[in-house]
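The values are calculated or read from the model by the stated rules, or taken from the named source; none is laboratory data. None of these values were measured; they are calculated from a predicted model. Neighbour counts are summed over all protein chains in view; Cβ atoms, including those assigned to glycine, are modelled from backbone coordinates with ideal geometry. Accessible surface areas use protein heavy atoms only, side chains included; no ligands, DNA or RNA. Shrake-Rupley method; radii C 1.70, N 1.55, O 1.52, S 1.80 Å.
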Amino acid sequence: MQQHFSLADCDVVGFDLDHTLCRYHLPQSARLIYDSFAQYLVTEKGYDEDLLILAPDSLDFCCKGLVLDIEEGNFLKLAEDGTVLRASHGTKSMTFEEILEIYGRREWKHFNTVSGMVSRTAKYYLYDNYFDLPGALLCARVVDSLDQHDGQRKYDFWKDMVAAIQHNYKISAFKENCGTYFPEVKNHPDKYLQKCPESVKKWLKQLKNAGKILLLITSSHSDYCRLLCEHVLGNDFEEYFDILITNALKPGFFSHTPNQRPFRTLENDEEQEALLSLDKPGWYSQGNAIQLYELLKKMTGKLDPKVVYFGDSMHSDIFPAHHYSNWETVFILEELLGDKATVPAKAESEPLEKKGKYEGDQLKVPYFVSKQWGSFFVDRVPGPENAEETLVHTWSCKCISTYSTIAIPSLEAIADLPLDYRFTRFSPNSSAAAGYYPSPPRVLLPDEDSVTMK
């Protein structure tokens, strides 16, 4: 495989919407998501009202890449070989001895299925995006609450959590103004949504002018998609894209066949009958990558058009687009912005404007390095019998270099580059840090002095 990747070589450029084209004010949106689930558990399912109170520093618990071992009520941070690096029972960190006692030094028992990106089973749940993460904190606090009141050792709160998610995010919730989430974003979009930078809008037009076909593929329903796009891109947002696909139900969009997941047309945001084939550009709902690719062949006049897809979820965007469709993938990883938080103590402190905007009493930006969980990318593990600690890559870090072409903190980071800019791609032959732009996380650089772990 070539060592470099360039947008100039791509015929089609696709985008996820939430946390990719549309970025959120993370502390505010995290609080809203947490509240929307907590309200449901307390009012509809009778959980402890204390769940509604959130301390300002509690979002420190939220760290992408955590896996909830549902039956045990434990959260796990996994190494690339599937062993458990850190764990908590509820919100309470487990000691190394407790981890050894429960999980040993061997691969976690569900690692084979989780590493195939199965995120939803009755036994575990993988947290990999900012819509999910506040739910991790809520589940951890539910475990704390159940331990305190019931002293139970096996947990069955998960069905209630799923009900809370479905209540707030169901396809009709936006239209019906039900749940906590959609009514609040509708009423206060500026509080939660960041405007798309002019440089990114200009870049989208530049891609189109260069003859690229632009796609929007989002699992959000069409009415919520329209609200987001009008707010962040403007009322003319449809002009940026050749094809818009909403309610795509990723990752199924990539893994399902046309029979399992046909495209549907929309009228007034209501899905119409299934289409036998996809014949022309436009706005569609649901669908599958196989029929989309057939249309892209027609539109480009090429037998094998090259597609790149930008997204923020390893589970829903990057893994399936790479694994099932063999598309190039650009992983949007805001954790690359939080890498500044790993500055060693001996370094000069950074100017105030470089620190997070939301310090003090405000909720912390979730992408800053969690004190409880440490780096998203690496961790230290004790050696056997007092041998030196070793630095190991996390499973999340391994997934990035395995399934992404490159990883960037935001679209803005590359919007001013020429379209023929040559990025160094991730590959088995290059260093683990090769595919990150504009720079790799400091913790992945060879100079171990730059690594600080708490």
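Summary of computed values
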| read-out | value |
| --- | --- |
| Residue-by-residue Karplus 3J(HN,Hα) for the range 422-432, coefficients 6.51, -1.76, 1.60, Hz, glycine and proline x | 9, 8, 6, 8, 5, 7, x, 8, 10, 5, 4 |
| Alpha carbon centroid spacing (whole Å) that separates the range 24-91 from the range 206-285 | 31 |
| Helical segments meeting 20 Å axial Cα length and Kyte-Doolittle -0.5 threshold in the chain (DSSP H) | 26-45, 133-150 |
| Amide H contacts of residue 72 (H built 1.01 Å from N, under 5 Å, at least 5 apart or other chain) | none |
| Residue pairs, from the table 92/159; 186/208; 175/306; 77/159; 170/191, whose Cα atoms sit over 26 Å apart | 186/208; 175/306 |
| Placed amide H near residue 407: partners under 5 Å, 5+ positions off or other chain | 331, 436, 437 |
| Shape category assigned to the range 106-205 from the gyration tensor of Cα positions, a/c cut at 1.5 | oblate |
| Largest to smallest accessible area among 169, 403, 309, 103 [probe 1.4 Å] | 169, 403, 103, 309 |
| Peptides 223-233, 264-274 ordered by average Cβ neighbours within 10 Å, highest first | 223-233, 264-274 |
| Computed over the range 26-188: relative contact order in percent, which uses C-alpha pairs under 8 Å that are six or more apart | 30 |
| Most to least accessible of 424, 83 (protein chains only, probe 1.4 Å) | 424, 83 |
| Size of electric dipole in the range 149-220: Cβ of Lys, Arg +1 and of Asp, Glu -1, about Cα centre, debye, nearest 20 | 520 |
| Cβ-defined net charge surrounding residue 219, 13 Å radius [Lys, Arg +1; Asp, Glu -1] | -2 |
| In sequence order, calculated HN-Hα J values of the range 329-337 (Karplus, 6.51, -1.76, 1.60; Hz; x Gly/Pro) | 9, 10, 8, 8, 10, 5, 4, 5, 6 |
| The range 26-188 shape via C-alpha gyration tensor axes, a/c threshold 1.5 | prolate |
| Accessible surface of the chain [probe 1.4 Å, protein heavy atoms]: carbon and sulfur percent | 48 |
| Accessible area expressed per residue, the chain, with surrounding protein chains retained (probe 1.4 Å, Å²) | 45 |
| Shape call, the range 1-103: gyration tensor on alpha carbons, a/c limit 1.5 | oblate |
| Accessible surface, 1.4 Å probe, highest first, among residues 444, 66 | 444, 66 |
| Amide proton proximity set for residue 193, modelled H, under 5 Å, gap of 5+ | 25 |
| Residue among 257, 232, 275 farthest towards the positive dipole end of the range 221-323, charges placed on Cβ | 257 |
| Relative contact order, percent, the chain [alpha-carbon distance under 8 Å, six or more residues apart] | 22 |
| Distance histogram for the range 197-291 (every C-alpha pair counted, 10 angstrom bins, percent rounded to whole numbers) | 16, 46, 31, 7, 0 |
| Directionally averaged projected area (convex hull, Cα atoms, the chain), nm² | 22.4 |
| Cβ-placed point charges (K, R +1; D, E -1), dipole of the range 153-301 about Cα centre in debye, nearest 20 | 640 |
| Highest average packing first - 296-308, 368-380, Cβ atoms within 10 Å | 368-380, 296-308 |
